[in-house]
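Since the structure comes first, as structure tokens, the remarks are kept for the end.
The values are calculated or read from the model by the stated rules, or taken from the named source; none is laboratory data. Only a predicted model underlies this, so the values are computations on that prediction, with no experimental measurement involved. We place every Cβ from the backbone using ideal geometry, glycine too, and count neighbours over all the protein chains shown.
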Amino acid sequence: MNLDKVNKLLIVRLSSLGDILLTTPLIRTIKSKYPVIEIDFVVRDEYQGLLKLNPNLSKVHIFYRDNDKNQELKQQLCENSYDMVLDLQNNFRSRRLLNCFGDSAIRFKKNNLNKFLLVHFKINRLKDASQIPDRYASVLGNFVLDDKGPELFSDNSSNTKLLNNDKLIGICPGSKHFTKMWPEEYYIKLGKTLVKNGFKVVLFGGSEDREICNRISSKLSLAINLSNDNDILQTAADMKLCKAIYCNDSGLMHTATSVGVPVITFFGSTVKEFGFTPYKSKNLILENNYLSCRPCTHIGRSSCPKKHFKCMKDISPQLAFEQLKLIIS
């Protein structure tokens, strides 16, 4: 696709946390190569903080769950003279929002069939699949991204409760799905080992992670519990002060990489082939590659269908601690 004649560009990615952060390499690279282009972005209201301080965007439009509120947005977008529209969400909501653009909107192609074959029949057509940011860029043809990872801009550093201490290690124990969560008791054992070795543990999470962060914090002496009501900019500012962060395959994994912090991440029911691994950042992925049942889902499950949960339980806290030496050396 030719961007030379584009003056106004609209990008739509309504959700979720990680998916939105993974659009930022594309935003940055377009703006770097074509600085005259004005880039607007449409995002769901609860995720607007991810982009509101991004200097590469001209305007962030807010999409609401309440369809009545979106009529004005729809009219506003249709009346704008966009030279190009990229629908990186490509679902019913984004198509309805952009229907005035008809077939001129360029849509992200999802690998739904290949994901289905891998999950249900273990037919792997995704061995050579690109990571999600590169797949976003592929909607523009042979457009090549720069060599940097995702980015998140935060102005909340002055509100941090942390001291700048190179012994801070972050833990993000939560996830929307059980099968994407390393066991809680393992995080507690890892935390105790970290404390014994002179590190300070910082717990991160949103409103849905409050309970697990509170339980883990109660078992760890001197742990700092910074779970909050989804203040992602504050979380990002606090994460910057950590030496490394342990996390599940979740949005907070991408948050950590977006502020340049090395991550050690646990992959259980999901696999690298789906494209959501940490992008162009310092990371270590811990996973059990000896199970024929992986992946059992491309999103996550509420329980292990085999009842053994070996994909996570076979990754020991001691192994996780030993990886820290590698990533911070």
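Across the stretch 40-70, which residue is surrounded by the fewest Cβ atoms within 10 Å (Cβ to Cβ) among those that are acidic (Asp, Glu) and assigned to a helix (DSSP H, G or I)?
ASP68
Determine whether the stretch 77-85 contains at least one residue that is over 27 Å from PHE153 (Cα atoms) and in contact with a helix residue (DSSP H, G or I) (Cβ under 7 Å, 6 or more places away or on another chain). Looking for residues that are over 27 Å from PHE153 (Cα atoms) and in contact with a helix residue (DSSP H, G or I) (Cβ under 7 Å, 6 or more places away or on another chain), one finds at least one in the stretch 77-85, hence yes. Residues in the stretch 190-213 include none that are under 30 Å from MET1 (Cβ atoms) and aliphatic (A, V, I, L, M). With respect to ASP83, is the statement that it is modelled with pLDDT of 95 or more and over 25 Å from the mean Cα position of the chain (by Cα) true? The answer is yes for ASP83. Residue-level check: of (1) modelled with pLDDT under 95; (2) not in a helix (DSSP H, G or I), ASP103 misses just (2).
For the stretch 265-290, residues that are buried (at least 16 other Cβ atoms within 10 Å of the Cβ), free of Cβ contacts under 8 Å to residues at least 24 places away in the same chain and not in a strand (DSSP E or B) total 1. Of all residues in the stretch 136-155, those being under 18 Å from the mean Cα position of the chain (by Cα) and assigned to a helix (DSSP H, G or I) number 2. Residue pairs whose Cβ atoms lie under 7 Å apart, separated by 6 or more positions or on different chains, with the first residue in the stretch 116-135 and over 22 Å from HIS254 (Cβ atoms) and the second of a type in the set (Asp, Glu) and assigned to a helix (DSSP H, G or I), are ASN124/GLU273; LYS127/GLU273. Beta carbons closer than 6 Å, at least 6 apart along the sequence or on distinct chains, pair a first residue in the stretch 173-196 that is in contact (Cβ under 8 Å) with a residue 60 or more places away in the chain and basic (Lys, Arg) with a second that is assigned to a helix (DSSP H, G or I) and buried (at least 17 other Cβ atoms within 10 Å of the Cβ) for LYS189/PRO317.
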